[in-house]
């Protein structure tokens, strides 16, 4: 008689592998099916690879800034060995993917290589061969690059975020279609590398999901560094002229480039759905807060449900899924999930934007503290940006925190944790923060939300 697993996980990304390990920790007999390397898009083609490249960009900026700090280099010219850059990135990825595989094996999880698809009787077929059976299924298929159907999209000079990180030759001119998180990070990287970067954004500002003050400030800072940003611009056609590419925009002059990155977001990868029909919403599988789908016994955490396309959110959703699959009663809470953009400077946020807060609450407070008034930031040459705190002035509840500046992606975790714990703006302001630290700016912004900031002029 064939083995029946307690939980079968389809997909080995941040949702899949975390869910599999959590299920094993809870005592379940677990199988995981993965068609590629473990780690999903985040580890193999997204979060981690881009961070190796962002670090390179940061090093280049430090080289350029060295003279202003009295560090005189004989020669500040640099060149890029793209083969070594890609090789370094691949080593980091390989070490982490190998580590994930080792973790899964250490928990006795059975690993199947191939595309797992659901059959009509809720079993899992691997490629066109083996069929395995489980009491519960976690469908964690992740996402894939979104594409647009316009003339010229199939040109070999048009790349996706999956491909651009393997370039061995630096383009002189790079056009990026889409000014969201991925597009902004790639613009930061290739601008530092020396490419002439143009971002084509259909919205009226880049990273439009972020607080307006933050996204406007980021646009100004990137423009100052040489990135050309075309907002309210719609792409009609991509014309490959052999030695160059012309991007034709509605009502605007065309943009010339050597390569084009299409970065308009991601869509759920539904390969694993197979023969079953789920309730869907705009191409994503509908789930409740327990991560249950419309089909009993099947859960769908992560990008495949389209709720929050963030690796850390996917991992938490997966933990909720397997806890419930094994008899628990957990819900996923999305209110205090942080989001980060690894530009230079970084951007991070948790909770409501000022605009969202004002739609929901009648007495909204806003506190702001610039990094230009933070000792550690100034000493580090990182005076750009600010921390913004949005509160409910009726009870000093922190509704949202928005940061643009040095170490924003690290600082946001304190804000998220304190918001989850219900600590008020006054509570943060009264908490002693180490000095000098970047995170003092968060404390000061909280104090400013009720007009008690020590290091800002009296209002």
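The values are calculated or read from the model by the stated rules, or taken from the named source; none is laboratory data. Bear in mind the structure is a predicted one, so any value in this text is a computation, not a measurement. Glycine gets a Cβ as well: all are built from the backbone with ideal geometry, and neighbour counts include every protein chain shown.
Quick notes
- Subset of region 149-195 that is part of a strand (DSSP E or B) and surrounded by fewer than 20 Cβ atoms within 10 Å (Cβ to Cβ) - its residue that is modelled with the lowest pLDDT: 160
- Residues (in contact with a helix residue (DSSP H, G or I) (Cβ under 7 Å, 6 or more places away or on another chain) and closer than 21 Å to residue 268 by Cα) located in region 90-135: 115, 116, 117, 118
- Residue match in region 333-341 (condition: in a loop (DSSP other than H, G, I, E, B), modelled with pLDDT of 95 or more, crowded, with 21+ Cβ neighbours inside 10 Å and in contact with a helix residue (DSSP H, G or I) (Cβ under 8 Å, 6 or more places away or on another chain)): yes
- For residue 141, the requirement of being crowded, with 18+ Cβ neighbours inside 10 Å and closer than 28 Å to residue 183 by Cα is met.
- Filtered residue count, region 64-89, keeping only those that are in a helix (DSSP H, G or I), within 18 Å of residue 194 (Cα to Cα) and either touching a strand residue (DSSP E or B) at 6+ places or on another chain (Cβ under 7 Å) or at pLDDT 95 or above (or both): 5
- Output for region 275-289, where each listed residue is in contact with a helix residue (DSSP H, G or I) (Cβ under 8 Å, 6 or more places away or on another chain) and buried (at least 18 other Cβ atoms within 10 Å of the Cβ): 284, 285, 287
- Restricting region 90-137 to residues that are in a helix (DSSP H, G or I) and touching a residue at least 60 places away in the same chain (Cβ under 8 Å), the residue that is surrounded by the fewest Cβ atoms within 10 Å (Cβ to Cβ): 103
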